[in-house]
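The values are calculated or read from the model by the stated rules, or taken from the named source; none is laboratory data. Every value quoted in this text rests on a predicted model; they were computed, and no experiment measured them. Because the Cβ atoms are built from the backbone with ideal geometry, glycine has one as well, and the counts that use them run over all protein chains shown. Note: areas computed on protein heavy atoms with side chains; ligands, DNA, RNA excluded. Shrake-Rupley method; radii C 1.70, N 1.55, O 1.52, S 1.80 Å.
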Amino acid sequence: MNFWEKLSHIDRRWIYLLVAIAVTFPMLVVIRFPVELSPEAQKLYDAVESLPDSSVVFLTFDYYPSTLAETEPMSIAALKQMFRKDMKIITMTTIPLGGPSIAERVTRKVAEEYGKVYGEDFVNLGYKANYVAVLKGMGGAIETIYPADNTGTPLRELPLMQRVKNYSDIKFIYVVADNAIVDYWISIVNAQYGTPVGAGVTAVMAPKMYSFVESGQLVGLLGGMKGAAEYERLVKFEGTATRGMDAQSLVHLLIIFFVLVGNISFLAMRRSGKEARR
Amino acid sequence: MRTTVPVVIAFISGMIMVVGFFFNPERSFLGRVEEEVLQWVTIVGGFTLLLGVVSIVRVNSKVVKQKKAGWIFNLATLISVFAMAIPSMLPVTKTSNLGSVIYSIFPESWGSLFGTGTGSIYDWLFNYLDAPMMATMFAMLAFYIASAAYRAFRARNAEATLLLVTAVLVMLWRIPMGEAFLRLFSDNIPGYINSYIMNGVNVAVQRGIIIGAALGAASMSLRIMLGIERTYMGKG
């Protein structure tokens, strides 16, 4: 077995070890390269900034705990921007597994920093089954779909919800998601009711969403942890996404290195195979 | 009868949604009917969740009873289901009938442990067990992707080489270090990747896929409404 063959059959545990080192190294040594802004993130930020202060907006927590590293920093940055502008925020989720808990935990934590009051400045609607019906139904009246908030308080008892009947009272919908729900916010809510929608999604989903940004159906887009780091930079605070960019950078570089080494050994073996056949 | 009734229900429900789309729910009878049907859908959706729980309990308890291989994991599933579900469904105050019974036995301060609010048992289990476990499972993908990239991502032909080069460029563009590296060659490279790869080639391909999938979904919906497609009833 020559060198290239040995290299191509390397024990996968060595690869795992290198990935583990690449992830943990930035925890010990801060490298911190500046995060460049993409036009899509800038557009999303500008869209929220251009809304009048005290506007009522929707912020959705449509993600599972598995993608918290990518999506939660987006939610936190969005909340900071919105609360800073004194916006009234209605949160909801189409994810039964933990969605309402994540929304509750994140929103209350950020709201506390800004001295916001539940029921007046923000409301958590929680979860309701069958998202297509939920999204469509709220176009008529939110109260028909959510008679009460996440804690069971009737909506009519919450001062913020007394001002809001349906999408016509919502100035902007900020979707943070790790699944295909963004498509429905676009096709049901944006297309049928005209409410502007912006999205923060996982890196895997981002390529699909570019087509909606191009068509104007999404006003802006955040893709993965890099998108979250961009938004943190725009909102001017350093959160977990900015700190996580070092680890993500090293792992990306490591994977590129693996791809290159794998291909060099593949080409070398193919050449030596051809020579052997001659 | 067992076939005709579901087909008629599917047709009427589908037609209400299609026709209702064109009417304002506040100003027309059809719009109001559509709104009513949507409420039904969320209620039926709630019952399907219950059906899911019943199914999980039935399947897993059968395995535990018969002590089949790996029954301990099925038992863990059952315990997890009840540990999450029961405390979250218990009333947090004594205002309801069930609440008055529970808080005549237990102190009222226990109310904070029930429901789904901050500090409840459900909240604790979710934040400290469920969320970290799901995040761990997802994080492990990085290790598998690295290993797969090393073994399988090969420039075997022109198409694979094109894919490989594009992937490397996009991966570099998505990280601050990579972007700084690309700028060493030209300040315009990150912008070109965004304009030509992500907003150019990528958008063209994604639109093709989205339009194709939408047409497929529309034709499938039509087949279900007209009773041609009956697999949802367990028929071929």
In region A:98-121, anything touching a strand residue (DSSP E or B) at 6+ places or on another chain (Cβ under 9 Å) and open to solvent by 10 Å² or more (accessible area, probe 1.4 Å) is listed as A:Pro100, A:Glu104, A:Arg108, A:Lys116, A:Tyr118, A:Glu120, A:Asp121
Filter result (away from chain B (no Cβ under 12 Å) and more than 23 Å from the chain's Cα centre (by Cα)) within region A:28-61
A:Leu28, A:Val29, A:Val30, A:Pro52, A:Asp53, A:Ser54
Does region A:179-186 contain any residue that is modelled with pLDDT under 90 and open to solvent by less than 20 Å² (accessible area, probe 1.4 Å)?
no
Residue list for region B:137-150, filter: facing chain A (nearest Cβ under 9 Å) and either surrounded by 16 or more Cβ atoms within 10 Å (Cβ to Cβ) or within 29 Å of B:Met84 (Cα to Cα) (or both)
B:Met137, B:Phe138, B:Ala139, B:Ala142, B:Phe143, B:Ala146, B:Ser147, B:Ala149, B:Tyr150
For region B:20-47, enumerate the residues that are assigned to a helix (DSSP H, G or I) and facing chain A (nearest Cβ under 7 Å).
B:Glu35, B:Leu38, B:Gln39, B:Val41, B:Thr42, B:Gly45, B:Gly46
Result of the Cβ filter at 9 Å on region A:77-99, keeping first residues that are free of Cβ contacts under 8 Å to residues at least 60 places away in the same chain and not assigned by TED's automatic domain parsing to the domain that holds A:Thr67 and partners that are crowded, with 24+ Cβ neighbours inside 10 Å and in a loop (DSSP other than H, G, I, E, B), at least 6 apart or interchain, is none
Identify all residues within region A:51-104 that are more than 23 Å from A:Asn166 (Cβ to Cβ) and of a type in the set (Asp, Glu); write none if there are none.
A:Glu70, A:Glu72, A:Glu104
Residue pairs, Cβ under 7 Å, 6 or more apart or interchain, first in region A:143-165 and open to solvent by 30 Å² or more (accessible area, probe 1.4 Å), second in a loop (DSSP other than H, G, I, E, B). List them.
A:Thr151/B:Gly117; A:Pro154/A:Pro147; A:Pro159/A:Gly119; A:Pro159/A:Glu120; A:Lys165/A:Ala141
Evaluate the following for B:Leu113: is it in contact with a Pro (Cβ under 6 Å, 6 or more places away or on another chain) and surrounded by fewer than 19 Cβ atoms within 10 Å (Cβ to Cβ)?
no
Consider B:Gly178 carefully, then state whether it is in a helix (DSSP H, G or I), free of Cβ contacts under 8 Å to residues at least 12 places away in the same chain and more than 9 Å from every other protein chain (Cβ to nearest Cβ).
no
Scan region A:77-106 residue by residue and report those that are assigned to a helix (DSSP H, G or I) and out of contact with any helix residue (DSSP H, G or I) (no Cβ under 6 Å at 6 or more places or on another chain).
A:Ala78, A:Met82, A:Phe83, A:Arg84, A:Gly99, A:Pro100, A:Ile102, A:Ala103, A:Glu104, A:Arg105
In region B:48-88, anything outside any helix (DSSP H, G or I) and open to solvent by 70 Å² or more (accessible area, probe 1.4 Å) is listed as B:Lys67, B:Lys68, B:Ala69
